[in-house]
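Chemist: This is the structure, below, for whatever I ask next.
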Amino acid sequence: MFDFLTSFSPAFILIAAGIISAFMPSSRVRKVLLIGAPALALVLINIIFYGQDTNAYLGGKMSFAGIELTTMRIDILSIIWGYIFCLAGVLNGIFGLHEKCKITDTSALIYTGAGIGAVFAGDLITLFMFWELLALSSVFIVWRGGPKSYPAGMRYLAMHILSGVLLLAGLIIYGRATGSYTFNNIGIDAPGGKLMLLAFGIKAGFPLLHNWIQDAYPRSSVTGTVILSVFTTKLAIYALARGFAGTEILIYIGAIMTVFPVFFAVLENDLRKVLSYSLNNQLGFMVCGVGIGSQLALNGVAAHVVVDILFKGLLFMSMGAVLHRVGTAKASELGGLFRSMPYTAFFCLIGAAAISAVPFFGGFVSKSMIIAAVFEEHHWVVFLMLLFASAGVLEHSGIKVPYFAFFAHDSGKRVKEAPWNMLAAMGIAAFLCIYLAMPGPFGGLRHLYGLLPNEVAGEAAFHPYTGDHMVFQMQLIMAAMFAFTLLKRFGLYPPERRAQILDFDWVYRRLGLSLLQWGHAMWTRLGAVIIYAMGRIFGDISKRLYQVFSPAGALSQDAPSGISAVLIAGLLTAALFVVYFL
């Protein structure tokens, strides 16, 4: 029985469930699959990993074009990603119980399966196949957001196809040079390493490559944004941790990622887009931790992936519930919703506290690990950037999102509370945001530590609940809250404007579009000039030909009487010349 269970990756359970759901007319059956398939995959992962004695299991082997593939590698690094992906799949299924869209259900199952399959991929070719399936299945979730989501989905798909092409080119170069396609540490100096790093960087939201997140996620459906926020970007973090741990340039890339979203999130009116910028901010902490590459840093990355999926999912759920009931997530059109959606407001505040790293909430432990690892490596400028980013995320996700949605000026909107299934999913995520940060024998922090890739001892030892650390964190939080209050009191805080804010995507969505329009206009004008010139030229030729060959032309006129004799004499002369000399 064990051999049968370990002969295929748990990802295929979800992919098969997604294919089956596409042919199921009953929404109830689809919802059972949507929740049951990731739960079954979670059980299977436990059976496989804890059913053998080693810390790594290699299975699901098959041959492809003479290359041995390992479709399932469950080890101390991938197991935590597998757990949280399955749990996220269950929560997404619960949150979307009220929705009856077959496309979303099918795509969500295949998307979840592709994420789990990529995490457990033991070779680069298997990774690439799931990498592409991840993009193809998720774009349908984006398109379900409505008519305006189609262009965003196309831009989203273009970026992810580019990522796949880069990954394919990199792995081919790497495999031909090394003779191995095993997915382990690659390094930026390896053949094809830079191409694969760039491929991972697109999905991780590196600076200047990040706009597909803020473009596509807010345009997705109510449930779609929650699903999308989990898998693609966190898979990229796993790929970086597996293949490029300790790559120094990632330290500075991650630091920049934490800082620049703060400014755009402050100006943004769409609260789901604010959270998308916040997602980019949190990814920066993870990328920076991967760049440090120490045991403590990688533990912090793995822990932050878990808690970020929970608190970011919780915040997206709360804004999704607002969008579901009110019909908008624009800060300028919301406010006062705590009166009619008190439970949603409460859960949103828990998510805000977790992302702000308030003590005894999830982000306090994981984010502190990464910052401590940066401090231990004496990267002082990066350390200060991360502190600034921590205060910034408190301002825009910890304060702005719940304040403008639930507690700002009363918009006068009186709506129903979120459906029970949405509240249930938010309640589970909120509980885990607190439970996993609680120390002691009854808290979940020990369970979180038990899943981390490095033993929490020696270099990887970290004790977040010390007096100095808690006091420092509370000082940082209070300073950020004071700054927000001061700016609001004196009218210096940027107003919520009903406008679309672009950052680097202005290059291709405004400048690039303008250049294309200008090029089209110039080509049209050039074509008109060419057509006019050709018309003039052919007109002149036609006129001359008419003058020669027309009934009234030169060749139709009577020739002088002597011309025939001259022509005959010339022909005879030529004939004699040829006969005589040849």
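Chemist: Taking H placed 1.01 Å from N in the peptide plane, check which residues at least 5 places from M72 or on another chain put their amide H under 5 Å from its amide H.
Modeler: When sequence neighbours closer than 5 places are left aside, the close amide H contacts are G59, G122.
Chemist: If you don't mind, there's one more thing I want to ask. Considering the options V415, H378, F490, tell which one lies farthest towards the positive end of the dipole of the chain, charges being +1 on Lys and Arg and -1 on Asp and Glu at the Cβ, about the Cα centre.
Modeler: Of the listed residues, the answer is V415.
Chemist: Compute the FRET efficiency between Y50 and H463 as 1/(1 + (r/R0)^6), taking r as their Cβ-Cβ distance and R0 = 22 Å, and round to the nearest 0.05.
Modeler: The calculated FRET efficiency here is 0.20.
Chemist: Let me ask something else about it. Given the DSSP H assignment, sum -39500 (n - 2.57) over each helix run of at least 4 residues in the chain and divide by its residue total; what's the result at 222 nm in deg cm²/dmol, nearest 500?
Modeler: -22000 deg cm²/dmol
Chemist: Take the Cβ-Cβ distance between W518 and L487 as r, set R0 to 56 Å, and report the resulting FRET efficiency rounded to the nearest 0.05.
Modeler: 0.85
Chemist: Please give the FRET efficiency for W420 paired with D189, using the beta carbon to beta carbon distance and R0 = 51 Å, rounded to the nearest 0.05.
Modeler: After rounding, the FRET efficiency stands at 0.40.
Chemist: Can you give me the orientation-averaged projected area of the convex hull built on the Cα atoms of the chain, in nm²?
Modeler: Value for the chain: 44.9 nm².
Chemist: What distance in nm separates the two pseudo spin-label positions at L571 and A169, each 7 Å out from Cα along the beta-carbon direction?
Modeler: If labels sit at L571 and A169, their model points lie 6.9 nm apart.
Chemist: With labels modelled as points extended 7 Å from the Cα through the Cβ direction, what inter-label distance (nm, one decimal) is found for F64 paired with L387?
Modeler: 4.8
Chemist: When a footprinting reagent is the concern and you count Cβ atoms within 10 Å, what order do C433, C288 take, fewest first?
Modeler: C433, C288
Chemist: If you line up the long axis of helix 563-581 against the longest principal axis of the chain, both from Cα atoms, how many degrees apart are they, to the nearest 10?
Modeler: Its long axis makes an angle of about 80 degrees.
Chemist: Hey, what angle do you get for helix 467-489 against the long axis of the chain, alpha-carbon based, 0 to 90 degrees rounded to 10?
Modeler: 60
Chemist: At H378 and A16, where each label point lies 7 Å from the Cα along Cα→Cβ, what is the point-to-point distance in nanometres?
Modeler: Once both label points are built, they end up 5.6 nm from each other.
Chemist: Cross-link candidates for K102: which lysines have Cα within less than 23 Å, leaving aside residues fewer than 8 places away along the same chain?
Modeler: K31, K148
Chemist: Here is a further query. Along each of its three principal axes, how wide is the spread of alpha-carbon positions in segment 277-350, in whole angstrom units, largest first?
Modeler: So the three principal-axis extents are 47, 21, 16 Å.
Chemist: Would you mind calculating the gained length between Y532 and A39 on full extension (0.36 nm times residue separation, minus the Cα-Cα distance), in nm to one decimal?
Modeler: 170.5 nm
Chemist: Once phi is turned into θ = phi - 60°, what whole-Hz ³J(HN,Hα) does the Karplus curve with 6.51, -1.76 and 1.60 give for every residue of segment 20-26, x standing for Gly and Pro?
Modeler: Using θ = phi - 60°, the values come out as 5, 5, 5, 9, 9, x, 7 Hz.
Chemist: Now for a different question. Taking the Cα centre as origin and putting +1 on Lys and Arg beta-carbons and -1 on Asp and Glu beta-carbons, what dipole magnitude results for the chain, to the nearest 20 debye?
Modeler: Once rounded to the nearest 20, the dipole reads 1960 debye.
Chemist: So, one more: What's the ranking of 526-538, 110-122, 262-274 by average number of surrounding C-beta atoms within 10 Å, highest first?
Modeler: Highest mean packing first, the order is 110-122, 262-274, 526-538.
Chemist: On a 0 to 90 degree scale, rounded to 10, what angle separates helix 249-267 from the longest Cα axis of the chain?
Modeler: 90
Chemist: Shifting gears a bit: Using 0.36 nm per residue of separation minus the Cα-Cα distance, give me the extension gain between I541 and H447 in nm, one decimal.
Modeler: Result for the pair: 24.9 nm of gain on full extension.
Chemist: Could I ask something else about it? Please compute P(r) over all alpha-carbon pairs of segment 348-473, binned at 10 Å starting from zero, and give each bin as a whole-number percent.
Modeler: Over segment 348-473, the share of Cα pairs per 10 Å bin runs 11, 34, 33, 15, 6, 1 percent.
FYI, it's all coordinate maths here, none of it is from the lab. From a predicted model like this one, the values you see are computed outputs, not experimental measurements. Don't worry about glycine lacking a Cβ; one is built from the backbone with ideal geometry, like all the others, and counts go over all protein chains shown.
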